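Data first, discussion second: the structure below is written as structure tokens.
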Amino acid sequence: DIKLRGAERARFRRKIELQLFDLPDSLYVTDICNLTGYSPNTIKRYIRKKRLFAVMINGKYIVSKHSVVNFFATDAAFKNAQKSEWHIDLIKNYLKES
């Protein structure tokens, strides 16, 4: 199990922020799916479990980019047994750079 603490977690969060820099501040579930490779059901489950914070407008969830960055920098995201290819690459690249 990988656990990041303090400055390490801040560096990883910064890596995610830089990777998502060009994206809009508000993302639909489909945007997050296209980015991360996770299914809509998985992203909606994260929303229901309050791992991603969203508002529903016109029947569609909108998630802040900040919430996506924060979630993927958590221990819960690291512990996810079935990570997407994007997620695995993100972690591998970070660990290589560290």
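Listed values, structure above:
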{"item": "Residue in the range 48-59 that is closer than 21 Å to Arg5 by Cβ and among the aliphatic types (A, V, I, L, M) present", "result": "no"}
{"item": "Total residues in the range 69-84, condition touching a residue at least 60 places away in the same chain (Cβ under 8 Å), over 13 Å from Arg14 (Cα atoms) and surrounded by 16 or more Cβ atoms within 10 Å (Cβ to Cβ)", "result": "1"}
{"item": "Any hit, the range 15-35, residues being assigned to a helix (DSSP H, G or I), more than 12 Å from the chain's Cα centre (by Cα) and over 28 Å from Ser98 (Cβ atoms)", "result": "yes"}
{"item": "Evaluation of Gly59 against (1) surrounded by fewer than 11 Cβ atoms within 10 Å (Cβ to Cβ); (2) on the phi < 0 side of the Ramachandran plot (one fails), failing number", "result": "(2)"}
{"item": "From His66, His87, residue being crowded, with 16+ Cβ neighbours inside 10 Å, free of Cβ contacts under 8 Å to residues at least 60 places away in the same chain and assigned to a helix (DSSP H, G or I)", "result": "His87"}
{"item": "Selected residue (only one of Lys44, Lys49, Lys60 is among the basic types (Lys, Arg) and either under 13 Å from the mean Cα position of the chain (by Cα) or under 18 Å from Arg13 (Cα atoms) (or both))", "result": "Lys44"}
{"item": "Test: Asn41 is open to solvent by 40 Å² or more (accessible area, probe 1.4 Å), modelled with pLDDT under 95, out of contact with any Ser or Thr (no Cβ under 7 Å at 6 or more places or on another chain) and part of a helix (DSSP H, G or I)", "result": "no"}
{"item": "Evaluation of Ala7 against (1) part of a helix (DSSP H, G or I); (2) within 14 Å of the chain's Cα centre (by Cα); (3) without any contact (Cβ under 8 Å) to a residue 40 or more places away in the chain (one fails), failing number", "result": "(2)"}
{"item": "Residue under evaluation Arg51, criteria (1) in contact with a strand residue (DSSP E or B) (Cβ under 9 Å, 6 or more places away or on another chain); (2) open to solvent by 10 Å² or more (accessible area, probe 1.4 Å); (3) not polar (S, T, N, Q), criterion not met", "result": "(1)"}
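The values are calculated or read from the model by the stated rules, or taken from the named source; none is laboratory data. Keep in mind that this is a model prediction, so the values were computed, not measured. Quick reminder, even Gly has a Cβ in these numbers, built from the backbone with ideal geometry, and neighbours come from all protein chains shown. Ligands, DNA and RNA are stripped out before the accessible areas are found, and what is left, the full protein with its side chains, is counted by its heavy atoms. Shrake-Rupley method; radii C 1.70, N 1.55, O 1.52, S 1.80 Å.
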